[in-house]
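To keep things clear, I will list the structure first and then write my remarks on it.
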Amino acid sequence: MMFIPVQHGLLLAALLFTVGLIGLLVRRNIIFILMSVEVMLNAAGLAFVVAGARWAQADGQVMFFFILAMAAAEVAVGLALVLRMHRQYESLDADALSEMRG
Amino acid sequence: MRTALWLIPTFPLLSAVLLAIFGPRFSRRTTALLGVGSIALAALISLGIAADFLLSPPPEGRYSQSLGSWIRVDDLRVPIGFVLDPLSLTMILIVTCVGFLIHLYAADSMRGEEGYSRFFAYMNLFVAAMGVLVLADNFLLLYLGWEGVGLCSYLLIGFRYTNSENGRAARKAFIVTRVGDTALAIGLFFLFTQLGTLDIAAAMQHAVAEWPIGSPLAITAAALILVGAIGKSAQLPLQVWLPDAMAGPTPTSALIHAATMVTAGVYLIARTASFFILAPPVQTVVAVIGAATLLIAGFSALVQTDLKRVLAYSTISQIGYMFLALGVGAWSAAIFHLMTHAFFKALLFLSAGVVIHAMEGEQNLFRMGGLRRIVPLAFWGFLIGGASMAGLPLITAGFYSKGEILWGTWIGGGPVLWAAGVIGVVLTTLYTFRLFFLVFFGRTEAEAAPRPGFLIRIPLVVLSLLSIFGGFINLPSRPRLSRFLHAALPPDREGAPGRLTPFGSEVIVAAAFMVGLLLAYELYLRRRAAVRGLMRLPMAAGMYTLWYTGWGWDLFYDRRVVRPVKALARAARSDWIDLIYIGLARLTTLSYDALRRTETGRIRWYVGGIAAGTVLFIGLVLFI
């Protein structure tokens, strides 16, 4: 069985998180923003799994299940909002939502 | 019957509250019934109590009633307590009875006026406050009435508030009397700290027992009370508010001048007489102020062109007589004159109201004339009231009260003050009959006025009778009122009568009256041209202006008080302390503006902010 050092796993998680964050920051399309959030959630999940494997505990995997469930819920609500937004503004540009300023 | 004492101020107060709340919803009839009826009840109760008091005098000559505690802190206890002694009984009779007649008159004369119920609410409150002031047995309750009277005068002078001139007059009256009120308040604090009690009788007993005559404590207390009395009673140098107070409706003027406000100062000094006896210099000042005021106001009354302003100056002058009497120790004479003054001054004002009504609001004397046939009721009212005020010998009340004051002045004050009083008689007669001749004789321009109603005629007739017969209660040969009052007032000051006898004094008063009458007759009825000739003298124009403007007091206050205060206010509006607060306000506005810009509503900016913040926070945790 090949061991992957824990540092590599965490590094990948950090990279994924950064990619997700950058996507969140630079993308204007709301769907890509949602996808970036998914990437960030997965990065967090990966970090938990790596940590769970390192100390041979089930906690990391349990946390990942939570994240999975939450991500599903988030996508469901998020896509519903995106649909509403599309109806209302005829656009998927996140900046179009700035009128409430809050 | 005595136990009903507390109802005297309560009925008017209740009616004032009812009128203030439900007034606009009441019909005029209900309003008048409530407004006049409450005072009528108070007057009836006063009369009943007076009869009771005279028929079965209470032990020690005074009856006091405590209704409970107003304030109770530690050993300070302020009861709501009323006291009935000859002095307060006489005063409350004047206040309620004369007040009732004025209310009766007002019920008719104010009929067409805007704010009918408001007017009666104020008037009732006025009488209630005066009742509290007169009956109070402790200084704090007295001060409550004192301030209530001041408030009501403000409200009533500014009754027709749509005209800004009236509002100005009301504010002037309020502020000028407030100067006196402040002094009185300080005086009351002083008395409390020195004597440890607020009960008037107890305080005076303590003072008499502990303070020697002429001690600085007594002088301070008496001086502070005196300043309070000067403000309310419109004496020198705080007399400037009263002539302007004519802005109020005529019944208001009658009430302020005859029964309530201006008599409060005289009453206060009489009530606290012991302090003044302990401070002879202050008592002398009272007499000098009275004499100076009666002369100065008399000269001013002589040249006024406004009917009501003549009467206002005459009130200042007559109150001057009362102060003179108080100052020379003729205590009962002061109260006697207060009583007769209430009768004839109310009569004069109500008659003036009839005249002004007939002239459709015209108040300038020189546009009147020949009104004798047009308003005979006012003619007779003026004749009787004026004769009484001037002191028509033997058959008017004013003659007896003024004669008594002058005799008291001769005994207790010396020839100089006495001479001032006698000159005052000449002046009074002169300005009264000048007014009378100008209004009722000569050519007529007015048209026949409608006959005054029933409610207007009754008060005029009753007050006329009182102005004549009211003096017989205290004839020099049978001084019933004086004897009655002596139970509550200190004994009159003794002195060597010199060569003058009481009879001689009366003769001189009568002679002074005749001189004044003859002068008025010659100058204003027979030879009007002579007055114009007098006016052409080089001195005359200056004197005329000086007297017409009330000896320039208004100008003096304007220059020395009003303008410096205004300048100070203007300077204080932009001082450096303000800069601190203005800077603080600017800073807040600026930071608000800056923070407001971060709230853009752009999600990605917020995310960026959160991410940057998180990085910063983690960095801080890791590396520091």
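The values are calculated or read from the model by the stated rules, or taken from the named source; none is laboratory data. What you see is a predicted model; the values in this text were computed from it and never measured. Positions of Cβ are generated from backbone atoms using ideal geometry, with glycine treated the same way; all protein chains shown enter the neighbour counts. Ligands, DNA and RNA are excluded from the accessible area calculation, which covers all protein heavy atoms including side chains. Shrake-Rupley method; radii C 1.70, N 1.55, O 1.52, S 1.80 Å.
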Neighbour net charge for B:ARG28 - beta-carbon separation under 15 angstrom, K R +1, D E -1: +1
On a full-extension model of 0.36 nm per residue, what is the gain between B:ARG480 and B:ALA4, subtracting their alpha-carbon distance, rounded to one decimal in nm? 168.8 nm
FRET efficiency, 1/(1 + (r/R0)^6) with R0 41 Å, evaluated for B:ILE582 and A:ASP93 via beta carbons: 0.40
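Classify region B:71-160 as rounded, prolate or oblate, taking a ≥ b ≥ c as the square roots of the eigenvalues of its Cα gyration tensor: rounded when a/c is under 1.5, otherwise prolate if a/b is larger than b/c and oblate if not.
Numbers: a/c = 3.62, a/b = 1.78, b/c = 2.03.
Cα axes put region B:71-160 in the oblate bin.
Rounded to the nearest whole Å³, what is the per residue volume of the convex hull around the Cα atoms of region B:561-624?
Numbers: hull volume 7.0 nm³, N = 64.
Considering the Cα atoms of region B:561-624, their hull volume per residue is 109 Å³.
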Roll a 1.4 Å probe over the protein heavy atoms and report the accessible area of B:ASP75 in Å², nearest 10. 140 Å²
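Given Cα positions, please report Rg to Rh for chain A, the hydrodynamic radius being the Kirkwood one. Write out the running numbers ahead of the final one.
Numbers: Rg = 16.8 Å, Rh = 15.2 Å.
Expressed as Rg/Rh, it is 1.11.
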Rounded to the nearest 10 degrees, what's the angle between the helix B:164-195 long axis and the longest principal axis of chain B, both from Cα atoms, 0 to 90? 90 degrees
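Test of understanding: what is the full-extension gain from B:ILE395 to B:PHE472, defined as 0.36 nm times their sequence separation minus their Cα-Cα distance?
Details: separation 77, 0.36 × 77 = 27.72 nm, distance 0.88 nm.
26.8 nm is the gain from fully extending B:ILE395 to B:PHE472.
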Histogram of C-alpha separations across region B:547-592, 10 Å bin width, %: 23, 25, 20, 15, 12, 5, 0
Carbon plus sulfur, as percent of the 1.4 Å-probe accessible area of region B:419-575, comes to 67 percent
What span do the alpha-carbon atoms of region B:200-279 cover on each of the three principal axes, reported in whole Å from largest to smallest? 48, 23, 12
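Over all directions, the average projected area of the alpha-carbon convex hull for region B:260-342 comes to how many nm²? Spell out each step's value before the answer.
Numbers: hull surface 20.3 nm².
Projected area, direction-averaged: 5.1 nm².
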Convex hull volume of the Cα atoms in region B:1-137, per residue, in Å³? 104 Å³
Quick one: if the Förster radius is 56 Å, what FRET efficiency do B:ARG25 and A:LEU81 give, using the C-beta to C-beta distance and rounding to 0.05? 0.40
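Checking a compactness column here: for region B:495-549, what do you get for Rg(Cα) / (2.2 N^0.38 Å), N being the number of residues? Can you show the working numbers first?
Numbers: Rg = 16.9 Å, N = 55, 2.2 N^0.38 = 10.1 Å.
Ratio of Rg to 2.2 N^0.38 Å for region B:495-549: 1.68.
Can you pull the semi-axes for the protein assembly as shown, root of five times each eigenvalue of the Cα gyration tensor, sorted largest first, whole Å? Could the numbers behind the result be given before it?
Values: eigenvalues 1324, 196, 137 Å².
Value: 81, 31, 26 Å, ordered largest first.
How large is the convex hull of the C-alpha atoms of region B:350-497 per residue, in Å³? Provide the component values of the computation, followed by the final result.
Numbers: hull volume 19.3 nm³, N = 148.
Value for region B:350-497: 130 Å³ per residue.
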Label model pair B:TYR161, B:VAL416: point-to-point distance (7 angstrom along the Cα→beta-carbon line) in nm is 4.8 nm
Would you kindly work out the equivalent ellipsoid of region B:362-411 from its C-alpha gyration tensor and give its semi-axes, the square roots of five times the eigenvalues, largest first in whole Å? 30, 13, 6
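Taking beta carbons within 10 Å but only from partner chains, what does the mean come to for residues B:601-611? Each step should come with its number before you reach the end.
Working: counts 8, 7, 8, 8, 3, 0, 7, 4, 0, 1, 5.
The mean count of partner-chain Cβ atoms within 10 Å per residue comes to 5.
Under 8 Å for C-alpha pairs, at least 6 residues apart: give me the relative contact order for region B:319-382, rounded to a whole percent. Each step should come with its number before you reach the end.
Numbers: 33 pairs, mean separation 18.7, N = 64.
Relative contact order, region B:319-382: 29 percent.
Report D for region B:50-204 in µm² per second (integer): Stokes-Einstein, Kirkwood Rh on Cα pairs, 37 °C, 0.692 mPa s. Don't jump to the answer; show the numbers that get you there.
On the way: Rh = 17.6 Å.
For the chosen part, D equals 187 µm²/s.
Arranged from highest to lowest average of other beta-carbon atoms within 10 Å per residue, in what order do the peptides B:505-511, B:63-69, B:30-36 appear? Please list the in-between numbers first.
On the way: B:505-511: 18.6, B:63-69: 13.9, B:30-36: 22.0.
Ranking, from highest mean packing down: B:30-36, B:505-511, B:63-69.
So what is the relative contact order of chain B, in percent, for Cα pairs below 8 Å that sit 6 or more residues apart? Show your work: numbers first, answer last.
Values: 1002 pairs, mean separation 74.6, N = 624.
The normalised contact order for chain B reaches 12 percent.
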Charges only on Cβ, +1 for Lys and Arg, -1 for Asp and Glu: so what's the dipole of chain B about the Cα centre, in debye to the nearest 20? 1640 debye
Peptides B:290-302, B:611-623 ordered by average Cβ neighbours within 10 Å, highest first: B:290-302, B:611-623
The percentage of Cα-Cα pairs in region B:1-74 separated by more than 19 Å is 51 percent
Grab the beta carbon distance between B:ILE186 and B:LEU55, set R0 = 60 Å, and tell me the FRET efficiency rounded to 0.05. 0.90
Which parts of region A:1-31 would a label at A:ARG54 reach, counting a residue when its backbone N lies under 20 Å from a point 7 Å out along Cα-to-Cβ? A:2-19
Beyond 26 Å, how much of the Cα-Cα pair distribution for region B:139-295 remains, as a whole percent? 28 percent
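Given the pairs B:LYS232/B:LYS566; B:LYS308/B:LYS402; B:LYS308/B:LYS345; B:LYS172/B:LYS566; B:LYS172/B:LYS232, which are separated by over 20 angstrom at their Cα positions?
Pairs exceeding the cut-off: B:LYS232/B:LYS566; B:LYS308/B:LYS402.
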Using eta = 1.306 mPa s and T = 10 °C, Stokes-Einstein with Kirkwood Rh from Cα pairs puts D for region B:447-588, in µm² s⁻¹, at 67 µm²/s
Determine the dipole magnitude for region B:437-517: charges of +1 sit on the beta-carbon of Lys and Arg, -1 on that of Asp and Glu, nothing else is charged, the reference point is the Cα centre, and the result goes in debye to the nearest 20. 220 debye
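Starting with the highest mean, order B:20-28, A:12-20, B:235-243 by the number of other Cβ atoms within 10 Å, averaged over the residues of each peptide. Don't skip to the end; give the middle numbers.
Details: B:20-28: 13.4, A:12-20: 16.0, B:235-243: 24.4.
Highest to lowest by the protection proxy: B:235-243, A:12-20, B:20-28.
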Using only the alpha carbon atoms of region B:451-501, find the Kirkwood hydrodynamic radius as the inverse mean reciprocal pair distance, in angstroms to one decimal. 14.3 Å
Alpha-carbon Rg with Dmax, taken over chain B, Å: 29.1, 113
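Test of the criteria: in region B:109-159, which GluC sites (Glu not before Pro) are in a DSSP loop and have at most 13 other Cβ atoms within 10 angstrom of their Cβ?
Working: sites: B:GLU113, B:GLU114, B:GLU147; in loops: B:GLU113, B:GLU114.
In loop regions of region B:109-159 (DSSP not H, G, I, E or B), the sparsely surrounded GluC sites (Glu not before Pro) are B:GLU113, B:GLU114.
Could you work out the helix-only [θ] at 222 nm for the protein assembly as shown, with each DSSP H run of four or more residues adding -39,500 (n - 2.57) and the total divided by the number of residues, to the nearest 500 deg cm²/dmol? Please report the intermediate quantities before stating the final value.
Values: 30 runs with 522 residues, N = 726.
So the calculated ellipticity at 222 nm is -24000 deg cm²/dmol.
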For the pair A and B, the solvent-accessible area buried on both sides (1.4 Å probe; DNA, RNA and ligands excluded), in Å² to the nearest hundred, is 1000 Å²
